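Engineer: This is the structure, below, for whatever I ask next.
The values are calculated or read from the model by the stated rules, or taken from the named source; none is laboratory data. As the structure is a computational prediction, the values presented were derived from the model and not from experiment. FYI the Cβ positions are ideal-geometry reconstructions off the backbone, even for glycines, and counts take in every protein chain you see. Heavy atoms of the whole protein, side chains included, go into the accessibility calculation; ligands, DNA and RNA do not. Shrake-Rupley method; radii C 1.70, N 1.55, O 1.52, S 1.80 Å.
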2 protein chains.
Amino acid sequence: MDIAGWRKQIDGIDRHIVELLNARAAAAAEIGKLKRNTEMPVYEPEREKQVLENIRQANSGPLPDLELQHIYERILDVMRSLQKHEMQDGRP
Amino acid sequence: MDIAGWRKQIDGIDRHIVELLNARAAAAAEIGKLKRNTEMPVYEPEREKQVLENIRQANSGPLPDLELQHIYERILDVMRSLQKHEMQDGRP
């Protein structure tokens, strides 16, 4: 396959990743609502450790664990900030 | 659904995202090999713009475009650094 072919494949993978990141954000928003009802904190370091452990377990390469964790730290940052915004706005 | 239920759902989504990120890294590695053969540069700003345009088009929310782009900037950083390493190591 040539570079254009691989890029087409990557574009398809990216559209799928976007869909999953949105499903993840929707689930995180639901958790945000439940947390607001019970006054639980948005930042739970123990849960974030579990998330990183889960992705390490799921990782069969070629991405090294450390690089994968690097990506997930950004994903968790974004999800945390969305939950906080929703909690501050008091939106349903 | 309670918080534990949503978290179980998120863990499943994360395992799927990990799989796709690895498929993406494998495709990027193939591009890296082709670039090495033709002495093309690893960093191609025009291609990165296309990637960001593709994910914006694919985004139907609830993640705002800007937050999604924030995650993708990290993904592209990691992919670029992997391609560079492979090119320096000269590994197949």
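Engineer: Scanning the range A:1-47 for residues that are polar (S, T, N, Q) and open to solvent by 20 Å² or more (accessible area, probe 1.4 Å), which turns out farthest from the other protein chains (Cβ to nearest Cβ)?
Structural biologist: It comes out as A:Asn37.
Engineer: Additional query: For residues in the range B:48-71 being in a helix (DSSP H, G or I) and facing another protein chain (nearest Cβ under 7 Å), which is farthest from A:Ile3 (Cα to Cα)?
Structural biologist: Looking at the filtered set, the residue picked out is B:Glu67.
Engineer: Regarding the range A:67-84, can at least one residue be identified that is of a type outside the set (Gly, Ala, Ser) and more than 18 Å from B:Ile71 (Cβ to Cβ)?
Structural biologist: Within the range A:67-84 (the criterion being of a type outside the set (Gly, Ala, Ser) and more than 18 Å from B:Ile71 (Cβ to Cβ)), the answer is no, since none of the residues qualifies.
Engineer: Another question about this same structure. Please determine whether any residue of the range A:21-39 is more than 20 Å from B:Asp2 (Cα to Cα) and in a helix (DSSP H, G or I).
Structural biologist: Checked against the condition, which is being more than 20 Å from B:Asp2 (Cα to Cα) and in a helix (DSSP H, G or I), the range A:21-39 yields at least one hit.
Engineer: In addition: Residue check: is A:Lys84 more than 7 Å from chain B (Cβ to nearest Cβ) and without any contact (Cβ under 8 Å) to a residue 12 or more places away in the chain?
Structural biologist: no
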